[in-house]
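S.K.: I'd like to ask you about the structure that follows.
The values are calculated or read from the model by the stated rules, or taken from the named source; none is laboratory data. Predicted model, so just to flag it, every value in this text is computed and none were measured. All Cβ positions, glycine included, derive from the backbone under ideal geometry; neighbour counts span all protein chains shown. With ligands, DNA and RNA removed, areas are computed over all heavy atoms of the protein, side chains included. Shrake-Rupley method; radii C 1.70, N 1.55, O 1.52, S 1.80 Å.
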Amino acid sequence: RSLEMDVLGDGVRVALRMLMALTVVRDGTLCIEEPESHQHTSALPSLARAIVEGGKRSSVQVVATTHSLELVRALADACVGAKRGFAAYHLERDPAGVVQSTRLDTLTLAHLNETGVDPRRLDEYARG
């Protein structure tokens, strides 16, 4: 039985739109803003696997913006499972207004997690 998208929850509709975009884009880059929006945290690992697998099938590099540590971890795990590259970037604006970035690969994220460091707060740790 089929359902109209209007009867589905916001999370399902948002996820379907993202995944449908992955079926259209080929050999390129897909930018997604806050894919965790309207998603329950328990759904993030499944969503991350679907994004990574969809990107792999379409030869698409996915660039996502997020404040969600749960999504970053889910995407990192999904990339490892799919044998895909992964990097997160922590962005910080310095007092002069210049944006600095710190690249975090899966090993670095795992180390930060093991030591209890929240990668969203790297600037606070650096200042001491």
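S.K.: Take the residues of the stretch 22-42 that are assigned to a helix (DSSP H, G or I) and in contact (Cβ under 8 Å) with a residue 24 or more places away in the chain: which is farthest from Arg73 (Cα to Cα)?
M.R.: The selected residue is Thr23.
S.K.: Considering only the stretch 73-105, how many residues are closer than 20 Å to Thr29 by Cβ and in contact with a Phe, Trp or Tyr (Cβ under 9 Å, 6 or more places away or on another chain)?
M.R.: 8
S.K.: Among the residues of the stretch 11-21, is any part of a helix (DSSP H, G or I), open to solvent by 40 Å² or more (accessible area, probe 1.4 Å), in contact with a helix residue (DSSP H, G or I) (Cβ under 8 Å, 6 or more places away or on another chain) and not aliphatic (A, V, I, L, M)?
M.R.: Yes, some residue in the stretch 11-21 is part of a helix (DSSP H, G or I), open to solvent by 40 Å² or more (accessible area, probe 1.4 Å), in contact with a helix residue (DSSP H, G or I) (Cβ under 8 Å, 6 or more places away or on another chain) and not aliphatic (A, V, I, L, M).
S.K.: Given the structure, is Leu30 touching a Phe, Trp or Tyr at 6+ places or on another chain (Cβ under 8 Å) and surrounded by 15 or more Cβ atoms within 10 Å (Cβ to Cβ)?
M.R.: So Leu30 does not fit the description; no.
S.K.: Find the strands (runs of 3 or more DSSP E) located wholly in the stretch 43-115 whose residues include 1 or more that are farther than 21 Å from Val14 by Cβ and open to solvent by less than 40 Å² (accessible area, probe 1.4 Å), and list them. Before the answer, list the steps.
M.R.: Values: elements: 61-65, 88-93, 99-104.
Here the list reads 88-93, 99-104.
S.K.: State the number of residues belonging to the stretch 116-128 that are in contact with a strand residue (DSSP E or B) (Cβ under 8 Å, 6 or more places away or on another chain) and either assigned to a loop (DSSP other than H, G, I, E, B) or open to solvent by less than 90 Å² (accessible area, probe 1.4 Å) (or both).
M.R.: Residues of the stretch 116-128 in contact with a strand residue (DSSP E or B) (Cβ under 8 Å, 6 or more places away or on another chain): 119-120, 122-123.
Those left that are additionally either assigned to a loop (DSSP other than H, G, I, E, B) or open to solvent by less than 90 Å² (accessible area, probe 1.4 Å) (or both): 119, 122-123.
Number of matching residues: 3.
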